[in-house]
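None of the figures in this text is laboratory data; all of them are computed from the coordinates on show. Quick caveat: nothing in here was measured; it's all calculated off a predicted structure. Here the Cβ positions follow ideal geometry from the backbone for every residue, glycine too, while neighbour counts run over all protein chains shown.
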Amino acid sequence: MQKKLMLGHKVRRLRRTSGLTQLQMAEQLGISPSYLNLLEHNQRPVTTALLLRLVQNFGIDLQRFAEDDEAPLVSGLDEVLGDALFAGMDLGKQDLREFVTATPAMAEAMIALYGAYRQARQTMETGGEGTRPVPEEAVHAFFQQELNHFPELEDAADALWAAGEFDPQAMFHSLARHLEKKHRLQVQLIPVEVMGSTIRRHDLHRHRVLLSEMLPAASRAFQLASQIAILEGRERIDAILARAPAGDDQTEALLRAGLVSYLAGAILMPYERFLKAATGVRYDLAVLRARFGVSLEQTMHRLTTLQRPGAEGVPFFLIRVDTAGNISKRFTANSLNFARFGGTCPVWNLHHAFQSPGRLLTQLAEMPDGARYLSIACTAAKSWRPGPFRAAHYALALGCEQRDMGKLVYADHLAEKPDLIGITCQACPRGDCPDRAFPAAHQKIQRIDHVRMDPLFVGF
């Protein structure tokens, strides 16, 4: 039997963002207010006929509206309950699913509250003063809500290409000519002793865009595309920011920077041509980065945005970590759920990439719930830092669900047996994992004096 669509929270959110009362929305949908109330409280499923009425009246994206968004909330709650704070509570995945289905907003609130608790605890432990919201988390949440795809910015990039000013074989010079012709800005490469750690600066008084000579070719083109995005994408970016949840100045600044980078990537890798190339070479990263003159990370990031309705690419996830395991970038257009609190699984090839710099590592990974993913991991570095500054090294992992991996060249010689990974050690039920750093949630540690257990399994 087909799963019933319990989408009450989405219907309620749509009504509120549209500024409608239950009576007004019910009239538009041709149903009674009492029936709409039952729908919003998940007492009735959303039927196919009603979905079509929502599309007709509110212009929603049917696929995205009907998607099951319970899995990330269940995963988030599972991670929260892995804290020692909840030791002794016996809550299974089914309990969490039922709770999320009934009250998704409350589940989101619990995860947010736990995040604030973690932040406060960390502040006390480090002797800091007060707590503040984490802007990065708010930005990640918004990009995830939008599935990392912004049609307005795609349209803006397409319009730039339609003008016929860009030469795919000479993007840097094309972008420089565009800035000069439309904005009277001269592009100049400046010695590092003048620019210091600055990589791009818009000199308003002398009408120049200054780039550090330390930037590699792909980064030079990206910085010019970013400058064009700032100058010509402001209205579209402001419109996107207007629908984002309210945040402080730091959150807005980070979100704006992310949208500028998104538009810059769309300019360098226009949607239709990039998708055609990606599918034609079976998502071969080396070919794509060479063909479009971009970096490996830019290529990976762009692949996560190819979710235009009717012209979708493979739904990818992307994650970036530094050598300490800190997550600085994460996007997902599929069902993989990332850790929100704490590090990732050490069995994941993402972490093994540091042991093989410059190589692409492939892995078939299986999560505790049986879901399997193809993961492609590699290292990257920001090597343009001058003087005594050490180049920043980090690892990237791009991946997709098993059902899509046949579309990728990297699946051709993949091992059939998957590596067993989890979200975090505390949320992972695999008690016999030799790489475990912490006991599983609610795992009881028994004292046995005549047997010495592996410290990794007993948590000390």
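Straight-line reach from LYS382: taking Cα to Cα under 12 Å and skipping same-chain neighbours fewer than 8 places apart, the aspartates and glutamates in range are GLU297, ASP322. Distance from the alpha carbon centroid of segment 134-201 to that of segment 348-382 works out to 29 angstrom.
What the phi angles of segment 229-237 give under the Karplus curve with 6.51, -1.76 and 1.60, with θ = phi - 60°, is a coupling list of 4, 5, 6, 10, x, 4, 5, 5, 5 Hz, glycine and proline written as x. Neighbour counts of other Cβ atoms within 10 Å put LEU275, LEU360, LEU204 in the fewest-to-most order LEU204, LEU360, LEU275.
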